[in-house]
Amino acid sequence: MDKITHISNELRDWILNTLKTGVSPESIANAMIKKGFDPIFAYRTILKLVNNKPIETVNRNRPYVYEDPGIGKKGTIISTSDRDIKVLIRIEKPFILYLENLLSEAECDELIKISRDRLIPSQVVDSVTGEIKTATGRTSSGTYYQINEIPLIGRIEQRIAELTDFSIENGEGLQVLHYRVAEEYKPHFDYFPENKIQESTGGQRIGTVLMYLNDVPAGGETIFPKAGVSVIPKKGAAVYFHYGNSEGQVDRMSLHSSIPVVEGEKWVATKWLRQSKILERF
Ligand code: PD2
Ligand code: ZN
């Protein structure tokens with residue numbers, strides 16, 4: 001079949017927007033080639049759109065540049081309109097905060113209660129293709145909520161927005177996860193592969209708020225292996241980690257996992273934050 005040697009205005013706009021989000025020109029050219037574009041045409045087109053700057057990305061091979069996120073500029077007690085949250089541990093590289101008192105005991109119990117009947121096997125984003133699929137590395141089950149689906153969710157979302165300085169629109173729907181004994185989530189990054197970043201859905205993920213809904217008798221820690229950090233689940237506490245900067249780089253030090261539960265069960269709620277507002281939701 002003949003290779004494609006022209007681009008529509010829509011594709012041109014998409015490429016320009018995607019370049020702005022920090023995706024490398026090389027990845028876009030490769031995605032075009034995969035879709036049937038003539039390789040020389042794809043590279044020439046992208047080269048023109050980046051004004052003949054070198055095709056190799058400006059960011060790719062440079063070390064990640066750490067920037068203090070909004071939450072990092074606040075003090076050790078972060079007051080939101082309905083709750084004071086305490087920063088107990090702060091790690092700079094990768095950026096991780098351990099936060100006490102993000103949720104009340106009653107909120108944790110209620111989230112577990114409403115989620116129990118709607119759990120389905122968890123899925124993962126393939127780190128190469130970006131496809132969403134079930135995988136042996138993630139044996140938990142979970143459920144998603146729409147933004148402000150019920151007053152409890154809306155209240156938590158408002159609190160997270162005040163805590164992090166990311167607007168509610170930058171947040172994906174809250175996810176509640178359940179792990180039984182031996183269930184785990186193997187090491188992964190929360191950010192997307194470059195070729196799966198879409199401006200209309202908020203661009204790259206750059207921060208995660210992981211809230212612990214119960215105390216786990218044994219196992220179930222969240223581990224950051226490259227940083228040598230192990231977070232022990234505590235009901236109502238949370239860990240915030242930040243792994244994307246204004247240059248579109250992502251921090252590979254943010255690799256993390258949930259190790260197998262040894263005794264009891266583990267419940268968490270996750271709020272992923274995008275670099276811009278999510279205009280299209282599913
Ligand atoms: O449940 C956890 O501790 C955990 C660990 C790593 C959750 C996630 N990642 C996640 O939801 O992305
Ligand atoms: Zn994760």
Take residue 28 and decide whether it is modelled with pLDDT under 80, assigned to a helix (DSSP H, G or I) and under 27 Å from residue 273 (Cα atoms).
yes
Name, by its number, the condition in (1) of a type in the set (Val, Ile, Thr); (2) crowded, with 24+ Cβ neighbours inside 10 Å; (3) under 18 Å from residue 138 (Cα atoms) that does not hold for residue 206.
(3)
Can you pull out the residues in region 255-282 that are more than 22 Å from residue 113 (Cβ to Cβ) and among the polar types (S, T, N, Q)?
257, 275, 276
Among the residues of region 173-206, how many are outside any loop (DSSP other than H, G, I, E, B) and within 15 Å of ligand 1 (Cβ to nearest atom)?
12
Taking residue 53 as meeting all but one of (1) open to solvent by less than 40 Å² (accessible area, probe 1.4 Å); (2) at pLDDT below 80, write down the number of the exception.
(1)
Per the filter on region 238-278, residues more than 14 Å from ligand 2 (Cβ to nearest atom) and closer than 17 Å to residue 218 by Cα are 260, 261, 262, 263, 264, 265, 267
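The values are calculated or read from the model by the stated rules, or taken from the named source; none is laboratory data. Values in this document were obtained by computation on a predicted structure and should not be read as measured data. Cβ atoms come from the backbone with ideal geometry, glycine included; neighbour counts cover every protein chain shown. The protein model used for the area step is the full one, side chains on, heavy atoms only, and it has no ligands, DNA or RNA in it. Shrake-Rupley method; radii C 1.70, N 1.55, O 1.52, S 1.80 Å.
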